[in-house]
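One structure is given below, encoded as structure tokens.
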Amino acid sequence: MIDYASVIIIAVVSLVAAVVHNGSLESKSTECEGFRWGYFTIYSTFFGNIFLLGSLLVFGGSDGALIFLLGAPVATAVFYLALQRKKVALIASTILSFNPLWMIINIFYLANRWDEFGSETTFSKPVATTENQASIQNLNLPREIRLSLFIAAAWIVCVPLFVFIFSPYGNYMRNDDTNHMLGVMFFPAIIGLALFYIYQKYIRN
């Protein structure tokens, strides 16, 4: 019952915060497109992360306290930068939502608005001058990086879908099973992205 109540509270608070924040965004410029869904996912991800980390702090003993001390600053930094609509932070916030449906939606939602995030210095849309268009183009992520991020996100989404369809853990998942599934979801994705970065940075060139 507490879990359902927490989800509802987080959703309602996040929705209100998203509407208020989006109103502030649109008031900066009448030409600025709304970002309600983006703000909703950012706020709900942050509140959900803090709730999860807080639960670990209260019930997880010394290990939970350590995870909280390490995770809370990361979650806060991602939250702050995502509110600034920084590209990497938006991707990180989407992953930290641990929500496969939102990951799928954001692959298309963020991709359709990718240019405006890195190019904006204010909340208003950039002026469509030749110089600004060149600047926007330069800020776009290379195709290889976009592909690697898509593959990592697809892996994270496909693992729980596989578990849901084929039930490799049986009809009931214990806590150990859930932890194992989360490890299979995120560990290969993180290691793969790290190895890709090392290859691009130090080996390819």
Could you rank 88, 159, 184 by how accessible they are, 1.4 Å probe, largest area first?
-> 88, 184, 159
Just reorder 35, 51, 59 by solvent-accessible area, largest first, 1.4 Å probe, all chains present.
-> 59, 51, 35
To the nearest 10 square angstrom, how much accessible area does residue 13 have with a 1.4 angstrom probe?
-> 70 Å²
To the nearest 10 square angstrom, how much accessible area does residue 193 have with a 1.4 angstrom probe?
-> 50 Å²
Taking H as built 1.01 Å from N, whose amide H comes closer than 5 Å to the amide H of residue 98, not counting residues under 5 places away?
-> none
Of 21, 180, ordered by accessible area with the largest first and a 1.4 Å probe, the sequence is 180, 21
Where a ≥ b ≥ c are root eigenvalues of the Cα gyration tensor, a/c under 1.5 meaning rounded, otherwise prolate if a/b exceeds b/c and oblate otherwise, segment 141-205 counts as prolate
Return the sequence-ordered ³J(HN,Hα) values of segment 196-204 in whole Hz as given by the Karplus equation 6.51 cos²θ - 1.76 cosθ + 1.60 applied to θ = phi - 60°, using x for Gly and Pro.
-> 5, 4, 4, 4, 5, 7, 10, 9, 4
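The values are calculated or read from the model by the stated rules, or taken from the named source; none is laboratory data. Because the structure is predicted, anything quoted here is derived from the model rather than measured. SASA here: full protein model, heavy atoms, side chains in, ligands and nucleic acids out. Shrake-Rupley method; radii C 1.70, N 1.55, O 1.52, S 1.80 Å.
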